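Working notes, structure below.
Derivation of every value follows stated rules applied to the coordinates shown; laboratory data play no part. Note that the structure is a prediction, hence the values are computed from the model and not measured. Don't worry about glycine lacking a Cβ; one is built from the backbone with ideal geometry, like all the others, and counts go over all protein chains shown.
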Amino acid sequence: MDNMTIIAIASIVTAGLTIAVGSIGPALGEGRAVATALSSLAQQPDAAATITRTLFVGLAMIESIAIYCFVVSMILIFANPFWNHVIAQGAAK
Amino acid sequence: MRLSPDQMIFWQRGFLKLNGTILFTWVLMLVLAAGSRLVTRRLSTDFQRSRWQNLLEIVVIGIQKQIADVGLRRPARYIGFLGTLFLFVALASLCTVVPGYEPPTGSLSTTVALALCVLAAVPFFGIAEDGLRGYLECYVEPTVVMLPFNIISELSRTLALAVRLFGNMMSGTMILAILLTITPFIFPIAMSMLGLLTGMVQAYIFSILAAVYIAAATGGRRARLEAKRPANA
């Protein structure tokens, strides 16, 4: 297997694994956060505004981790520097 | 596959490029500034007021209330910055219903610029509120050992702001583009509605996080003085 094949295989497999494994954690965390927010809303409906706002801020924090994994995956597929380098080498030959 | 509006080039001479990001940012600035100017030309304080003035009042009072809820006293000082952040990001996301438009926040340049504005605004408001010494004291807040961690957290918060907004906007447009090549009729509409919802939520999150960071930087001295005061019965 030459360089191009190795880089292609590694990039594709890693991109898939990154987004697959990287969305498990945030999904579980967000589920727990929403569940706790719902139970505290049921306990104290008066504080609904504060709870909702804090819930959204917390969800955005958790979501960022999934977004980081997504960005890495996109970079590996669409803006892969190793792939571009090896393509440039192949074109120069 | 177009990753961002940076790659739509409308005009080019030498190294100066007019790309989609800049053009759509200008369009948004024009809409916001000209629209507000037109609406506020004839403000009235009695019950006979135009519906646009009503709309703007709802928006402004809503933002003021949110800023006050976060813990910033005198929201009028901060609403210029925080309100603009919210309105820009929200309008950038709302205009995706217009065909041919790409949100400029889908380009890393725009989101990094907005995050750098927040990074600069936090010390600015902190020093304006507490003085230079009072602001710098908040970096050694629990103990002096935390100084490097506070600095690192400042930088990583900025990075997280930029990447969070960029990732959400870019993923929305990319999913829409991919779906349009596969099932061109109903499903992309559902996805674009989801994109609108996440755009609104991300605009809210961006401005609320900026408000929380500014509140953390400006509330420090008052909280420290209150803590040092001997507890009276």
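Here the simple spin-label model places points 7 Å from the Cα toward Cβ, and for A:Asn3 and B:Phe15 these points are separated by 2.8 nm. Taking the 0 to 90 degree range and rounding to the nearest ten, how far is the long axis of helix A:48-78 tilted relative to the main principal axis of chain A, both from C-alpha atoms? For helix A:48-78, the angle is close to 10 degrees.
Per-residue shielding of B:195-204, expressed as the average number of other chain Cβ atoms within 10 Å of the residue Cβ, stands at 1. Here the ratio of the Cα radius of gyration of the stretch A:1-77 to 2.2 N^0.38 Å is 1.61. At a Förster distance of 41 Å, what's the computed FRET efficiency of B:Ser36 paired with A:Ile12, Cβ-Cβ distance as r, to 0.05? E between B:Ser36 and A:Ile12, to the nearest 0.05, is 0.25.
Applying a DSSP loop filter and a limit of 13 other Cβ atoms within 10 Å to the chymotrypsin sites (Phe, Trp or Tyr not before Pro) in the stretch B:1-47 leaves B:Phe15, B:Phe47. Which of rounded, prolate or oblate describes the stretch B:1-148 when judged by the alpha-carbon gyration tensor and an a/c cut-off of 1.5? Judged from the Cα gyration tensor, the stretch B:1-148 comes out oblate (a/c at least 1.5, b/c at or above a/b).
In a DSSP loop and with at most 14 other Cβ atoms within 10 Å, the chymotrypsin sites (Phe, Trp or Tyr not before Pro) in the stretch B:124-205 are B:Phe185. For the stretch B:115-199, a/c is not less than 1.5, where a ≥ b ≥ c are the root eigenvalues of the C-alpha gyration tensor, and a/b tops b/c. That puts it in the prolate class. When restricted to Cα atoms, the protein assembly as shown yields an Rg and a Dmax of 23.0, 84 Å, respectively.
Helices that extend 27 Å or more along their long axis by alpha-carbon positions and average at least 0.5 on the Kyte-Doolittle scale are, among the DSSP H runs of chain B, B:20-39, B:108-137, B:147-182, B:187-218.
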